[in-house]
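Undergrad: I am attaching a structure below and will ask some questions about it afterwards.
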């Protein structure tokens, strides 16, 4: 591992508050499968991701069970789903600026891999597994509870929305028969990195706009802004 890469790993360790005994575990956690084509015989993070998912779910389940003993099984299940979902993991990754630390192929990078939600969220799970293997379960649990503290509180208070379009539809329907339409304004960029811009139109009025690297993402971002406009969560 070259000197510069060691510095990169140390920088991330400082951000997440964990110093690894086995630095190679962290390196594997940060290696996307596309990188194998660049460097043969390189281990990548999919197996760690599998383990990290299990460690995360068990930790959050135990925490919710102990801390919220008045909530029933149905409520706990819904809350847990919000905490361990892809978007929740992505928010953690953004705080760490995780994209810049990941090993990936040049092709993956050129197609937006360093900001792709799935890659970043999977990498967070892999890091959790690396901590579990390097430090043990108790340390991994402490790390998870501390790292996800804000997400846990938001989930318990029902402040996390997975589908802004559905939430907007529900809020609008409460106001009567009002039409909602998503209008693709434009798209720009090369085919492998095309960005879409969408307006959400409610009762013939533009209530929000959004952009993203798919129409679906752009529509969700437009709906999110529209919810803020009408006072939704």
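The values are calculated or read from the model by the stated rules, or taken from the named source; none is laboratory data. Bear in mind the structure is a predicted one, so any value in this text is a computation, not a measurement. Ideal geometry is used to build each Cβ from the backbone, glycine not excepted, and the neighbour counts take in all protein chains shown.
Undergrad: Please find, within the stretch 1-31, the residue that is surrounded by the most Cβ atoms within 10 Å (Cβ to Cβ) out of those that are assigned to a loop (DSSP other than H, G, I, E, B) and modelled with pLDDT under 95. Spell out how you get there, then give the answer.
TA: First, pick out the residues of the stretch 1-31 that are assigned to a loop (DSSP other than H, G, I, E, B): 1-2, 17-22, 30.
In the following step, the residues that additionally are modelled with pLDDT under 95 were identified as 1-2.
On the way: 1: 10, 2: 7.
Selected residue: 1.
Undergrad: Can we say residue 145 is within 30 Å of residue 12 (Cα to Cα), out of contact with any strand residue (DSSP E or B) (no Cβ under 8 Å at 6 or more places or on another chain) and modelled with pLDDT under 95?
TA: Values: within 30 Å of residue 12 (Cα to Cα): yes; out of contact with any strand residue (DSSP E or B) (no Cβ under 8 Å at 6 or more places or on another chain): yes; modelled with pLDDT under 95: no.
So residue 145 does not fit the description; no.
Undergrad: Could you give every pair whose Cβ atoms fall below 7 Å, whose first residue belongs to the stretch 112-123 and is touching a residue at least 24 places away in the same chain (Cβ under 8 Å), and whose second residue is surrounded by fewer than 16 Cβ atoms within 10 Å (Cβ to Cβ), counting only separations of at least 6 or pairs across chains?
TA: Final answer for the pair search is 112/193; 117/86; 118/86; 121/86.
Undergrad: Test residue 37 against the stated conditions and say whether it is closer than 17 Å to residue 140 by Cα and either in contact (Cβ under 8 Å) with a residue 24 or more places away in the chain or surrounded by 14 or more Cβ atoms within 10 Å (Cβ to Cβ) (or both). Show your work before the answer.
TA: Numbers: closer than 17 Å to residue 140 by Cα: no; either in contact (Cβ under 8 Å) with a residue 24 or more places away in the chain or surrounded by 14 or more Cβ atoms within 10 Å (Cβ to Cβ) (or both): yes.
No, not satisfied.
Undergrad: May I pose another question? Do we have residue 167 as over 30 Å from residue 190 (Cα atoms) and touching a helix residue (DSSP H, G or I) at 6+ places or on another chain (Cβ under 7 Å) here?
TA: Details: over 30 Å from residue 190 (Cα atoms): yes; touching a helix residue (DSSP H, G or I) at 6+ places or on another chain (Cβ under 7 Å): yes.
Criteria met by residue 167.
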